[in-house]
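Participant: First the structure, which I've put down as structure tokens, then a few questions once you've had a look.
The values are calculated or read from the model by the stated rules, or taken from the named source; none is laboratory data. The model shown is predicted, which means the values in this text are computed figures rather than measured ones. Methodologically, a virtual Cβ is constructed for each residue, glycine included, from the backbone with ideal geometry; neighbour enumeration extends over all protein chains shown.
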Amino acid sequence: MRKYLDTFLQSYSDYWSYFKREIFFENNWDNYFWGLIIVSLVVWGLEIAFPWRKNQKIFREDFWMDLFYMFFNFFFLNLIVFIALTNTAALFFDDVLGVVGLALSDFQLFDVDTLPFGVGLLIFFIISDFVQWNTHRILHRVPFLWNFHKVHHSTKEMAFAAQMRYHWVEPIMYKSFLYIPIAIIGGFDLAYVAIIHFTALTVGHLNHANIGWDYGPLKYILNNPKMHIWHHAKELPERVKYGVNFGLTLSVWDYLFGTSHVPHDGRDIELGFDGDETFPTDFVGQITYPLSEKEK
């Protein structure tokens, strides 16, 4: 028990030191703090220059709420919850395997570091994106998890920062499902993580932005604003009542598995979910919503 506590506390210390280095430009090109700010400013600039919904305000109603979510979820959530819990859970998982004489390395099929950089990066990206697509479907399909995911779908106007409005339980779900697949391919370079992170961040910002792009023929491979807005549609046909267009970075999974849905230009469709008129509008209310009496 002592080593779990030490791991938990050390994670806090290590991440806090890392976070300070990010702010003061002491890290290399993979600076997540300033990277987030730069990507956000660029995509926000595109929204202002090429607005899809002309009457949507630059500082829309939920602008400051989503901005708060963006920094809280991206940095302080990691410091407060995610990094420490992830490291501790990984140690526990390794100990459980050790009881039966196994190690995580026993499940490793191959080492992507032994492959050419581009090949390893592509494999890592495809596997992680497919796992996240499935995780996203589960968040919609399981009622208990859907109550957490409602936070993300509570936005009524799409804009870049809406990507970062999500409950803290979501990254735990995503990373938990990714843990085994990533362990199986093993040995991935940290550069892979940074490249995929910034790619997903940029595509995600664009998907939620007030921009009417679909990327032409690439729309069948890459998720895009005209496709993703239907994921946030309040009204959907009964046959797809649990949601559509679950892709995060890639749209190809939705086309392959029959969950794509872009019936027409969705620029002015109503966003949200059934009952969202009573959904809390403040941060504390949204975070505690899944645990409220009426949702038990």
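Participant: How many residues does the stretch 264-295 contain that are more than 24 Å from VAL240 (Cβ to Cβ), surrounded by 13 or more Cβ atoms within 10 Å (Cβ to Cβ) and among the hydrophobic types (A, V, I, L, M, F, W, C)?
Facilitator: Final tally of qualifying residues: 2.
Participant: Does LEU109 fit the bill of being at pLDDT below 85, of a type outside the set (Lys, Arg) and assigned to a helix (DSSP H, G or I)?
Facilitator: Spelling it out, it is not the case that LEU109 is at pLDDT below 85, of a type outside the set (Lys, Arg) and assigned to a helix (DSSP H, G or I).
Participant: Looking at THR155, THR199, which one is crowded, with 21+ Cβ neighbours inside 10 Å and β-branched (Val, Ile, Thr)?
Facilitator: Of the residues listed, the single one that is crowded, with 21+ Cβ neighbours inside 10 Å and β-branched (Val, Ile, Thr) is THR155.
Participant: Check off (1) at pLDDT below 90; (2) closer than 29 Å to ASP14 by Cα for VAL131 and give me the number that stays unchecked.
Facilitator: (1)
Participant: So, one more: Which residue pairs have Cβ atoms under 8 Å apart, sit 6 or more places apart or on different chains, and have a first residue in the stretch 44-62 that is surrounded by 11 or more Cβ atoms within 10 Å (Cβ to Cβ) and a second that is basic (Lys, Arg)?
Facilitator: The qualifying pairs are TRP52/ARG267; ARG53/ARG267; GLU61/LYS156; ASP62/LYS156; ASP62/ARG165.
Participant: A further question on this structure: So, VAL252, is that one within 21 Å of PRO171 (Cβ to Cβ) and of a type in the set (Val, Ile, Thr) or not?
Facilitator: Here the answer is no, as VAL252 does not meet what is asked.
Participant: Could you list all residues from the stretch 229-253 that are without any contact (Cβ under 8 Å) to a residue 40 or more places away in the chain and either aliphatic (A, V, I, L, M) or within 20 Å of PHE125 (Cβ to Cβ) (or both)?
Facilitator: Across the stretch 229-253, the qualifying residues are ALA233, LEU236, VAL240, VAL244, ASN245, SER251, VAL252.
Participant: Also, I was wondering about something else. How do the helices (runs of 4 or more DSSP H) wholly within the stretch 180-295 filter down when requiring 3 or more residues that are under 27 Å from VAL42 (Cβ atoms): which remain?
Facilitator: The helices (runs of 4 or more DSSP H) meeting that bar are 190-208, 225-231, 252-257.
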